[in-house]
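Rule-based calculations on the coordinates, nothing more; no lab input. These numbers were taken from a predicted model, which means no experiment stands behind them. Note that we place each Cβ from the backbone using ideal geometry, even for glycine, and neighbour counts take in every protein chain shown.
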Amino acid sequence: MSQWIGRTFTSDAGWDFLETIVDVGDRMAGSDGERRGAKAARDALESVGARNVRLDEYDIQGWERGTSAIHAGDTTQDSIALPRSPSGNADGEFVNLGYGLPADFEENDIEGKVVMVASNVPGHYDRFIHRREKYYYAVEGGAAAFVFRNHVEGCLPPTGSVGTEADPIGDIPAVGVSKEVGSRLARRWEGDDVTVEVEANIHDATSQNVHAELGPDTDERILVSSHIDGHDIAEGAMDNGAGSAMVVELARALAEREDELETKVHFVAFGSEEVGLVGSGHMAEETDHDSIKAIVNNDGVARGRTLSFYTHGFDELEDAANEIADEFSHPITTIPQQGPHSDHWPFVKWGVPGYHVMSETGSEGRGWGHTFADTLDKVEVRDLREQAILLTELTVHLASDEFEVSHKDPEEIADALEAEDQAAGMKIIGDWPYDE
């Protein structure tokens, strides 16, 4: 065992790939940069020994950033449009709803107003509220425009998509502002009229998933995934270049250990995750869910040293992760709740066992993610290599005949979402797939 560990700890395969894709620049879904990133992933997977490497193309709703602005008084405040915001101008009284909790929307009349909410939730609150959930509370309340304020200091306006699967383009103009601009708006223009402007090029486009395989040609498979796309304002090193670099590094290590695999390992670098899990949703619609034994989805790895695993109530997955961590005396965190915000979810929501693998950053929320500051210097090669060792061993374990995990009835997943107070938000976004 020590030999493959040593080779993984000195490997440059994943890191070299990470440097390659951050230098691509804009990897926005549907862009030429995303396509070049996908081709780089294909070439990297082939170079480390994976087989049947291929691209699967599909149609998406394209969105290209234009200009945006918030006009307040005789000033223009810096902002960036949120992807899939519609183009348009909106005027209205400026209202700061703080964190933008459900109760904040229920207790305030926001009809025709420009609503600002923060990108985080208070520490005592029992769950995370996604940006899109806050956006659609604003839409439901009749707001004229939506302003998403970062909670991280540093003059960093946050990005992140709006829209739904059924209606990819959102209903009202939406922009992100830095914590500092948000503070200024709240201090100087609360209750005054402001104007939000967004220009965007909305067009038909294509995206693609990158596929590769290792191990025996079994009907059942382990899905090891990431997403290759990123937001156009930054390098996308942490979100999610590092996740795709992890897939390349795992493929390299597993190619070396291929004779130990008892179940096929299917690698996928999904496209168009950042605009609503479109690539993974495309694959989920075309795939026999029963053929997937388990999913290891890497989105947010290498942002910190300690891995965290959303296990979605699958006790066998939690036990497996802890067993591998104990074997290597390496700390991890397991989270049994449902995590419906990455590429495992189009499968897990129907009962497929799956992890969302992330890492702890020591900070609240995305940190540098979804901002101009998501750059390569924030990622440590040591973290990528250490985590690859654990995840390689975990994948070998999942692929073994001795490891067994049963799929869940979708009703059990739905009940868990209800119990965790996540269902109401998913319903307003349009992400609730279950019959009422």
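Over the chain, calculate the relative contact order: mean separation of alpha carbon pairs under 8 Å at least 6 apart, over the residue count, as a percent.
Rounded, it is 20 percent for the chain.
Starting from a Cα-only point model with no solvent, please compute log10 I(q)/I(0) by Debye for the range 8-113 at q = 0.14, 0.15, 0.24 1/Å.
Ignoring solvent entirely, the Cα scatterers give -0.81, -0.85, -1.35.
Report the charge-dipole magnitude of the chain in Debye, nearest 20, computed about the Cα centre from +1 at each Lys and Arg Cβ and -1 at each Asp and Glu Cβ.
That gives the chain a dipole magnitude of about 1420 debye.
Taking the Cα centre of the range 313-357 as the origin and placing charges on Cβ (Lys, Arg +1; Asp, Glu -1), which of 346, 325, 314 is farthest toward the positive end of the dipole?
Working it through, the farthest residue towards the positive pole turns out to be 346.
Return the whole-Å distance between the Cα centroid of the range 6-68 and the Cα centroid of the range 372-436.
Taking the Cα centre of the range 372-436 as reference, the centre of the range 6-68 is 21 Å away.
To make sure I understand the rule: partners must be lysines, Cα under 18 Å from the Cα of residue 427, and not fewer than 8 residues away in the same chain. Which ones qualify?
134, 349
So what's the projected area for the range 252-387, the Cα convex hull averaged over all directions, in nm²?
For the Cα atoms of the range 252-387, the hull's average projected area reads 9.2 nm².
How many nm separate the modelled label positions at residue 107 and residue 337, each set 7 Å beyond the Cα in the direction of the Cβ?
2.1
Compute the length gained on full extension between residue 204 and residue 360: take 0.36 nm times their separation in residues and subtract their Cα-Cα distance, giving the result in nm to one decimal.
Roughly 52.5 nm would be gained on extension.
Let me have the 222 nm mean residue ellipticity of the chain computed from DSSP H runs of 4+ only, each contributing -39500 (n - 2.57), with the sum over all residues rounded to the nearest 500.
Counting only the DSSP helices, I get -9500 deg cm²/dmol.
Please state the equivalent ellipsoid semi-axes for the chain: what are the square roots of 5 times the Cα gyration tensor eigenvalues, largest first, in whole Å?
Taking √(5λ) for each Cα gyration eigenvalue gives 37, 22, 20 Å.
What is the dipole size for the range 1-64, taken about its Cα centre, with +1 at each Lys and Arg Cβ and -1 at each Asp and Glu Cβ, in debye to the nearest 20?
The calculated dipole for the range 1-64 is roughly 360 debye.
How big is the range 334-377 by the Kirkwood estimate over distinct Cα pairs, in Å?
So the Kirkwood estimate lands at 12.6 Å.
What does the convex hull of the Cα atoms of the range 42-97 come to per residue, in Å³, rounded to a whole number?
Residue-normalised Cα hull volume stands at 183 Å³.
What does the charge count near residue 343 come to, summing +1 for each Lys or Arg and -1 for each Asp or Glu among other residues with Cβ under 11 Å from its Cβ?
-4
Write down the percent of antiparallel bridges among all DSSP beta bridges whose residues are both part of the chain, to the nearest 5.
Counting DSSP beta bridges with both partners in the chain, the antiparallel share is about 55 percent.
What does the net charge come to around residue 428 if you take all other residues with beta carbon closer than 11 Å to its beta carbon, with K and R at +1 and D and E at -1?
It works out to a net charge of 0.
Using alpha carbons only, how many angstrom separate the centre of the range 269-345 from the centre of the range 119-186?
Computed from Cα coordinates, the inter-centre distance equals 25 Å.
If we sort 385-397, 281-293 on the protection proxy, mean other Cβ atoms within 10 Å, highest first, what's the order?
385-397, 281-293
If you place +1 on the Cβ of every Lys and Arg and -1 on the Cβ of every Asp and Glu, how big does the dipole about the Cα centre of the range 80-140 come out, in debye to the nearest 20?
440
How big, in percent, is the set of alpha carbon pairs in the range 346-435 lying more than 19 Å apart?
So the portion of pairs separated by more than 19 Å is 62 percent.
At q = 0.15, 0.27 Å⁻¹, what base-10 log of I(q)/I(0) does the Debye formula yield for the range 287-359 when every alpha carbon is treated as an equal point scatterer in vacuo?
-0.46, -1.28
Working only with C-alpha atoms, what are the Rg and Dmax values of the range 94-241, expressed in angstrom?
Rg then Dmax for the range 94-241, in Å: 18.8, 65.
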